[in-house]
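Here the structure is laid out as structure tokens; the discussion comes afterwards.
The values are calculated or read from the model by the stated rules, or taken from the named source; none is laboratory data. Given the structure is predicted, the values throughout are model-derived calculations rather than measurements. Positions of Cβ are generated from backbone atoms using ideal geometry, with glycine treated the same way; all protein chains shown enter the neighbour counts.
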Amino acid sequence: MTAKVVIKKELLDVILEGAQRLYPKEYILLLRGKTSREVVAVSDVLIPPLATYGKGFSGFPTHMLPMDFSIVGVAHSHPSGGLEPSVEDQNLSMGRIMLIVGFPYRGKENVAVFSRKEGKLSLEVT
Ligand SMILES: [Zn+2]
């Protein structure tokens, strides 16, 4: 059984609005929250230090990050609209989950969540 990801609607809106603001550049955020075997609950977002936003590239130097075990994953945008992780996305992975928001960033239908070990995860917006 794969884990499910739970996020509040308000927080998902913050991520979607940020992605809209930066379009056509990529947007990247760290996700904080709690994880258990069955549930990853995202409770907060964090702008990574020294984040770079670009067309087809966004990232941050992971060695600059504080040791923070409340980071459950990374969210980033796909201005192309695709909801599948790209090969380069493997370099972005940190924590357990990778949340991708695809253009036009309207709502849950433009969001997908993946885990390196578990593949695609289901998303519950509360
Ligand atoms: Zn990507």
- Going through the stretch 111-126 in order, the residues found to be at pLDDT 95 or above, crowded, with 18+ Cβ neighbours inside 10 Å and away from the ligand (no atom under 14 Å from the Cβ) are LEU121, LEU123
- Note on the structure: The residue from ALA19, ALA51 that alone is surrounded by 13 or more Cβ atoms within 10 Å (Cβ to Cβ) and modelled with pLDDT of 95 or more is ALA19
- Item | Subset of the stretch 1-40 [hydrophobic (A, V, I, L, M, F, W, C), part of a loop (DSSP other than H, G, I, E, B) and closer than 16 Å to MET98 by Cα] | ALA3
- Note on the structure: Filter the stretch 96-110 for residues that are under 13 Å from VAL5 (Cα atoms) and away from the ligand (no atom under 13 Å from the Cβ); the one that is surrounded by the fewest Cβ atoms within 10 Å (Cβ to Cβ) is LYS108
- Could you check how many residues of the stretch 75-126 are polar (S, T, N, Q), part of a loop (DSSP other than H, G, I, E, B), in contact (Cβ under 8 Å) with a residue 24 or more places away in the chain and closer than 22 Å to THR52 by Cα? 0
- Query: Among the numbered criteria (1) within 16 Å of the ligand (Cβ to nearest atom); (2) modelled with pLDDT under 75; (3) exposed (fewer than 12 other Cβ atoms within 10 Å of the Cβ), which single criterion is violated by GLN90?
  - Reply: (2)
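Please determine, by comparing only the residues of the stretch 9-52 that are among the acidic types (Asp, Glu) and more than 15 Å from GLY73 (Cα to Cα), which one is farthest from the ligand (Cβ to nearest atom).
GLU38
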